[in-house]
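Undergrad: Attaching a single structure in structure tokens format; questions to follow.
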Amino acid sequence: MFGQLFYNPNNNLQAFQNTMEGAWRVDSVTLDRVDSRTLAFTFKSENEMNKILETRPWSFSSIPLVLKPWTSTTSQYSYDYTHYKFWVQVHRLPTDWVSEETIRQIAAAAGLVTKVKIDTKGFSSYTDGKAE
């Protein structure tokens, strides 16, 4: 798997590796610099890598970490790190405004909306939409 921090790639690599191993709950991850911005991650199993990819988004020190699964047909220098999926949370909407269409319109200001999820908890509405 390859990845880039969205900005400020000069973080302490060992601190980054230790933090991500703990966050990802893996026994070990090998981390290598491909270039000044790109990192290569190697895991003990493909299942560990897939779990990490499925539970995105990830960040380090509040900096988004853009991850891409490795494919044998793609050069390590050909991956696009310009897009990042994240959750847009919309709080305290009036109850009659809580709809998939409204959330989709609000989240679209951040990018392409791929999923909308609406959760109502108690007397307040908690809504979010996934945007990239």
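The values are calculated or read from the model by the stated rules, or taken from the named source; none is laboratory data. Since the model is a prediction, treat every value here as computed from it, not as a measurement. When we count neighbours, we look across all protein chains shown, and the Cβ atoms used for this are built from the backbone with ideal geometry, even at glycine.
Undergrad: Determine whether LEU112 is surrounded by 12 or more Cβ atoms within 10 Å (Cβ to Cβ), of a type in the set (A, V, I, L, M) and either within 13 Å of PHE2 (Cβ to Cβ) or within 16 Å of the chain's Cα centre (by Cα) (or both).
TA: No, not satisfied.
Undergrad: Just one of (1) assigned to a strand (DSSP E or B); (2) under 30 Å from ASP119 (Cα atoms); (3) touching a Leu at 6+ places or on another chain (Cβ under 8 Å); (4) of a type outside the set (Gly, Ala, Ser) trips up LEU53, so point out which.
TA: Evaluating LEU53 over (1) assigned to a strand (DSSP E or B); (2) under 30 Å from ASP119 (Cα atoms); (3) touching a Leu at 6+ places or on another chain (Cβ under 8 Å); (4) of a type outside the set (Gly, Ala, Ser) leaves (1) as the failure.
Undergrad: Here's another thing I want to ask about it. For region 56-114, which strands (runs of 3 or more DSSP E) that fit wholly inside it have 3 or more residues that are at pLDDT 85 or above?
TA: In region 56-114, the matching strands (runs of 3 or more DSSP E) lie at 58-60, 63-68.
Undergrad: Same structure again: Look through VAL29, VAL34 and report the one residue that is hydrophobic (A, V, I, L, M, F, W, C), surrounded by fewer than 16 Cβ atoms within 10 Å (Cβ to Cβ), farther than 17 Å from TYR84 by Cβ and touching a residue at least 12 places away in the same chain (Cβ under 8 Å).
TA: Being hydrophobic (A, V, I, L, M, F, W, C), surrounded by fewer than 16 Cβ atoms within 10 Å (Cβ to Cβ), farther than 17 Å from TYR84 by Cβ and touching a residue at least 12 places away in the same chain (Cβ under 8 Å) holds for just one of VAL29, VAL34, which is VAL34.
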